[in-house]
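Have a look at the structure below, then the notes.
The values are calculated or read from the model by the stated rules, or taken from the named source; none is laboratory data. Predicted model, so just to flag it, every value in this text is computed and none were measured. All Cβ positions, glycine included, derive from the backbone under ideal geometry; neighbour counts span all protein chains shown. The area values use the complete protein model at the heavy-atom level, side chains included, leaving out ligands, DNA and RNA. Shrake-Rupley method; radii C 1.70, N 1.55, O 1.52, S 1.80 Å.
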Amino acid sequence: MKFSSALPAGMLAATLLFAGCSANNGNNTENNTSSAAANNGGITDSGVASVNSANDAGGAGSPAADFTSAVDAYRTYVIEQCDQFVKQTESFTSAVKAGKIDEAKALYAPARMFYERIEPIAEALGDLDPNIDARENDVDPADWRGFHKLEQALWEKGSTDGTAETADQLLSDAQLLRAKVETVEIDASLLVTGAVELLNEVSSSKVTGEEERYSHTDLYDFVANVEGAQKIYELLQPELAKKDPQLEQTIGERFDALLAELAPFKSGDGYVSYETLKEDEVRKLSQNLDALAEPLSNMGTILGV
């Protein structure tokens, strides 16, 4: 859910700003980097291939890449995730309506993972994202609904009294999302932007522990956002490897490093409470996130989308 909040990962914020500027000022970027690329083998100090180097590798007159297969595969992935999201949300909301608090708590975070992997799609569909995923104070109190309202009832209030309407609305919104993903417009630009936005989601609310402020199940969301971004990278990987093999390798290695950093926090089929993480562990996760976000933000420019 994209809302205003402080970014603890400073490098990610700067990187995303750079990515936006480079997309709007591609010609200026090429001019400014051409000298550095020539003097440094086409690689910047951070180890990421320069824009000019990648363009040279592809050839000035090289044909535009065809992303049809990647887009089709991503839609299939989104539909699969949505199918599971609706199924798991139905189980969760049924437990809420039945007053089964412990069962509802156990179902809450796993159900959300299917949504968090594909959140950029929901964000492209108007009010669906805030209806499903708004936190308290993100929207007008009269409009607040969705997962986090039920999260508050379960963990803070310890009661499901008066939540039946919210549960029904949540399931209805999940079903509407599933219906709309069949025809939502998806292109390569949405894939690239979506991957970056998923990491921004992690930085802006998961690393800080703000997303799941009552349940402290932030690691479920953290992992799902990273997995969603990784799926997009994997679908675009063949074209990226043609244009800039070093960047493709760097992104892959940094996804592996971040997921390896998350692995020790797994507990059974889920993840430990975010409250159990020490300050240095949170800092390491943030650093690995920044290290991935930097090269990932260059992917769109290299691919020309």
message: So, in the range 191-223, how many residues would count as being in a loop (DSSP other than H, G, I, E, B) and either under 19 Å from Y77 (Cα atoms) or among the aromatic types (F, W, Y) (or both)?
response: 1
- request: Mind listing whichever residues of the range 193-206 are open to solvent by 10 Å² or more (accessible area, probe 1.4 Å) and under 13 Å from I121 (Cβ atoms)?
  value: T193, E197
- request: Report whether or not V305 is in contact with a Ser or Thr (Cβ under 6 Å, 6 or more places away or on another chain), at pLDDT below 95 and open to solvent by 40 Å² or more (accessible area, probe 1.4 Å).
  value: yes
statement: Counted residues in the range 281-305 being polar (S, T, N, Q) and within 19 Å of I232 (Cβ to Cβ) come to 4
- prompt: Within the bounds of the range 176-190, is there any residue that is in a loop (DSSP other than H, G, I, E, B), of a type in the set (S, T, Y) and under 26 Å from D72 (Cα atoms)?
  reply: yes
query: Of all residues in the range 72-123, which are of a type in the set (D, E, K, R), assigned to a helix (DSSP H, G or I) and open to solvent by 40 Å² or more (accessible area, probe 1.4 Å)?
result: D72, R75, E80, D83, K87, E90, K97, D102, E103, K105, E123
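Yes/no matrix, rows are residues, columns are (1) more than 17 Å from the chain's Cα centre (by Cα); (2) modelled with pLDDT under 95; (3) open to solvent by less than 60 Å² (accessible area, probe 1.4 Å); (4) closer than 25 Å to G300 by Cβ:
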| residue | (1), (2), (3), (4) |
| --- | --- |
| E185 | yes, yes, no, yes |
| L191 | no, no, yes, yes |
| T208 | no, yes, yes, no |
| A229 | no, no, yes, yes |
| E248 | yes, no, yes, yes |
| Q287 | no, yes, no, yes |
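To keep it simple, each residue is scored yes or no on (1) in contact (Cβ under 8 Å) with a residue 40 or more places away in the chain; (2) over 23 Å from Y214 (Cα atoms); (3) of a type in the set (A, V, I, L, M, F, W, C).
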residue: R254; (1), (2), (3): yes, yes, no
residue: E261; (1), (2), (3): no, yes, no
residue: E281; (1), (2), (3): no, no, no
residue: K284; (1), (2), (3): no, yes, no
residue: T301; (1), (2), (3): yes, yes, no
- request: Test L177 against the stated conditions and say whether it is over 17 Å from S94 (Cβ atoms), crowded, with 18+ Cβ neighbours inside 10 Å, touching a Pro at 6+ places or on another chain (Cβ under 9 Å) and modelled with pLDDT of 95 or more.
  value: no
- line: Quick count over the range 130-163, residues being surrounded by 14 or more Cβ atoms within 10 Å (Cβ to Cβ), out of contact with any Leu (no Cβ under 9 Å at 6 or more places or on another chain) and in a helix (DSSP H, G or I), is 8
- request: Would you check if G61 is within 22 Å of G194 (Cα to Cα), at pLDDT 50 or above, small (G, A, S) and open to solvent by 30 Å² or more (accessible area, probe 1.4 Å)?
  value: no
- request: Give me the pairs, please: first residue somewhere in the range 213-242 and on the phi > 0 side of the Ramachandran plot, second residue anywhere and surrounded by fewer than 23 Cβ atoms within 10 Å (Cβ to Cβ) and of a type in the set (G, A, S), beta-carbon distance under 9 Å, and either six or more positions apart or on two chains.
  value: H216/G209; H216/S273
